Amino acid sequence: MKHINQHLNRTVNNQNINERLIQLMEVVQKDKDVQEFIASNREYLSDEDILKSSAKLYEYVKEKEKFLANDASMIAPGYEPKLFLNHHFIDVTYVPTEELIRKKEYETVRNRVNAISMPKDIKEASLDSFNITSERKEALSASITFMNDYLDNPKEFHQGLYLYGTFGVGKTYLLGAIANSLAIKGVKSTILHFPTFCVEMKQSIKDDSVASKLDSVKKTPILMLDDIGADSMSTWIRDDILGVILQYRMQEKLPTFFSSNLDMKQLEEEHLRFSQKGDDEPLKAKRIMERIKYLSKQITMIGENRRLDNEF
């Protein structure tokens, strides 16, 4: 390396290059990684090649310093600078770190779950964190069975689950855990808080976006409607929103999940049957319930309110 330094200094003097370049090369020559790279590629590099690469060598040294200092001002944050030979010219490439790769994989998985108006912790829900009790074994077992069957043959129709139980027994968390588990396997899903979704659909009438929003929900590979039956439902929401979603998913045989504080019978007789105006419409309620029963099977979840202790 001493011979290289002497030649570089001599070349600089011969070409009368300005003082800034001399300082630049002095910084570069002190870097051990630069020295090792030049030494290992010496048979392919002339002294002139090295000098022509001075700007890239300097970029490498400075960016490496920023990388080691975790300086966000570097050219490519999260990428480690590396030297490589490019036709007798030393160049710099930026290689993603293991941490960045893991982060990108994590973000990719998270982006497969479209959570609409859902609590933040649902994005982190996992089956490993789902507390197993005798009252919740059936729900967990049915969830695992569904995932295994779906992943084995995603083109076949697989019934989703209708999770019924009182407040805080873990219905929503379990839906999130299923969605996240499927996301790891590359499956996209949409999980939404149905009462909030209904409000948003009403508001979408103003900007004429009902059809586009309805399409994105009804066509998602896996759909999870959380807290259905929690709020009163207009005939428009029941027939033209929920009815359209369920009809499409039944025709296309797309897996659909529900969670509710009402069992299927209560949902039909106490919620879907009566309009906001008080009209009794048993046939329309039965039509909706036939679709829900086709798409899902009811699983009862019993237990204490885990929200009070922030347990799942």
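The values are calculated or read from the model by the stated rules, or taken from the named source; none is laboratory data. Keep in mind that this is a model prediction, so the values were computed, not measured. With ideal geometry, Cβ positions are generated from the backbone for all residues, glycine too; neighbour counts draw on all protein chains shown. For accessibility, only protein heavy atoms count, side chains too; no ligands or nucleic acids. Shrake-Rupley method; radii C 1.70, N 1.55, O 1.52, S 1.80 Å.
Taking every residue in segment 151-162 that is aromatic (Phe, Trp, Tyr) and pairing it with any residue that is open to solvent by 70 Å² or more (accessible area, probe 1.4 Å), at least 6 positions away or on another chain, the pairs with Cβ-Cβ distances below 6 Å are PHE157/LYS253; TYR162/GLN298.
LYS104 meets the conditions (1) free of Cβ contacts under 8 Å to residues at least 12 places away in the same chain; (2) within 25 Å of the chain's Cα centre (by Cα); (3) over 25 Å from MET250 (Cβ atoms); (4) loosely packed, with under 12 Cβ neighbours inside 10 Å in every case but one. The failed one is (4). TYR58 falls short on exactly one of the conditions (1) on the phi > 0 side of the Ramachandran plot; (2) part of a helix (DSSP H, G or I), and that condition is (1).
Among the residues of segment 264-312, those that are part of a strand (DSSP E or B) and either of a type in the set (Phe, Trp, Tyr) or at pLDDT below 90 (or both) comprise PHE274, ASP280. In segment 72-86, which residue that is without any contact (Cβ under 8 Å) to a residue 12 or more places away in the chain and touching a helix residue (DSSP H, G or I) at 6+ places or on another chain (Cβ under 8 Å) is surrounded by the most Cβ atoms within 10 Å (Cβ to Cβ)? Result: MET74.
Scanning segment 241-259 for residues that are among the polar types (S, T, N, Q) and in a helix (DSSP H, G or I) yields a total of 2.
Scanning segment 249-267 for residues that are free of Cβ contacts under 8 Å to residues at least 60 places away in the same chain, surrounded by 16 or more Cβ atoms within 10 Å (Cβ to Cβ) and more than 17 Å from ASN114 (Cβ to Cβ) yields MET250, LEU267.
Residues in segment 197-215 that are open to solvent by less than 40 Å² (accessible area, probe 1.4 Å) and in a helix (DSSP H, G or I): PHE197, CYS198, MET201, VAL210, LEU214.
Mind listing just one residue for me: the one in segment 109-135 that is part of a helix (DSSP H, G or I) and more than 11 Å from ASN180 (Cα to Cα) and, of those, modelled with the highest pLDDT? Result: ASP128. Scanning segment 164-196 for residues that are modelled with pLDDT of 90 or more, open to solvent by 10 Å² or more (accessible area, probe 1.4 Å) and within 22 Å of GLY229 (Cβ to Cβ) yields TYR164, LYS171, THR172, TYR173, HIS193, PRO195, THR196. Looking only at residues of segment 216-226 that are open to solvent by 40 Å² or more (accessible area, probe 1.4 Å) and either modelled with pLDDT of 95 or more or not assigned by the TED database to the domain that holds ILE178 (or both), we find that the one that is nearest to VAL187 (Cα to Cα) is PRO221.
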